[in-house]
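A short reminder: the numbers here are calculations on the coordinates, not readings from a lab. Note that the structure is predicted; figures quoted are calculated from it, not measured. Using ideal geometry, Cβ is built from the backbone for each residue, glycine included, and neighbour counts are taken over all protein chains shown.
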Ligand SMILES: C[C@@H](C(=O)O)C(=O)SCCNC(=O)CCNC(=O)[C@H](O)C(C)(C)COP(=O)(O)OP(=O)(O)OC[C@H]1O[C@@H](n2cnc3c(N)ncnc32)[C@H](O)[C@@H]1OP(=O)(O)O
């Protein structure tokens, strides 16, 4: 009899553990990437666009040559020449990191969107992150519906020759987010 009670107790502990595991699986957010595994996407409703890899992290700097020299000579990174991107009001240096890039940004022209940021952050600082998407127009339509502010009327060509948009930092947890079509 005691043996039977032990078996019943073990079975009920196992059943509770399975229940907790299933609840945990339901609660755990899933990551959905267009470059990643399909098995991760099972809990996510199908949408017309997908988020991909981190393309770059952009850092606004008050002195582009000094910043370039820091990454090249102090950290030993491979860095590009200065690339002017007048359509976005910035000059850029790309820092290669293997799996992603840094973009060092400095204002170009008198209407630069990073001028105000550098006035508030005199030593410079992290300005935005850029994540790849597979369908930028679908992303724009979807995010507009979700009341996320898009900071331009339509996608512009970004520093890598691909269409980009920016999302308002106040709608993205305080981070300026750029989406780039891969
Ligand atoms: C080449 C290209 C590429 O990669 O392809 C690029 O990188 S172009 C990179 C440059 N282009 C862009 O950044 C385009 C998108 N950016 C913009 O439209 C603008 O910079 C905004 C993000 C809307 C900020 O505009 P503006 O400086 O005039 O406004 P503001 O100073 O009144 O800022 C409004 C509020 O947002 C905050 N705020 C401003 N810039 C921010 C940033 N980078 N990250 C996080 N928060 C930020 C301010 O502190 C302020 O918060 P409080 O009210 O709490 O004080």
Practice task
Find how many whole Å separate the alpha carbon centroid of the range 56-96 from the alpha carbon centroid of the range 160-174.
Solution key: 19
Handout entry: Rule-of-thumb Rg ratio for the range 51-181 [Cα; 2.2 N^0.38 Å; N residues]
Key = 1.04
Problem - Length released on extending from residue 57 to residue 144, taking residue separation times 0.36 nm less the Cα-Cα span - result: 28.9 nm
Completion exercise
One checks the Cα atoms of the range 52-129 and finds Rg and Dmax, in Å, of 12.0, 34
Exercise for the section: Could you rank the peptides 131-139, 115-123 by their average count of other C-beta atoms within 10 Å per residue, with the highest value first? Expected result: 131-139, 115-123
Practice task
Would you please state which residues of the range 114-146 a label at residue 170 would reach in this model, taking the label point 7 Å out along Cα→Cβ and a backbone N cut-off of under 20 Å?
Solution key: 114-121, 127-129, 143-146
Handout entry: Fraction of beta bridges assigned by DSSP in the range 51-181 that are antiparallel (%, nearest 5)
Key = 70
Problem - Ranked list, fewest to most other Cβ atoms within 10 Å of each Cβ, for 74, 126 - result: 74, 126
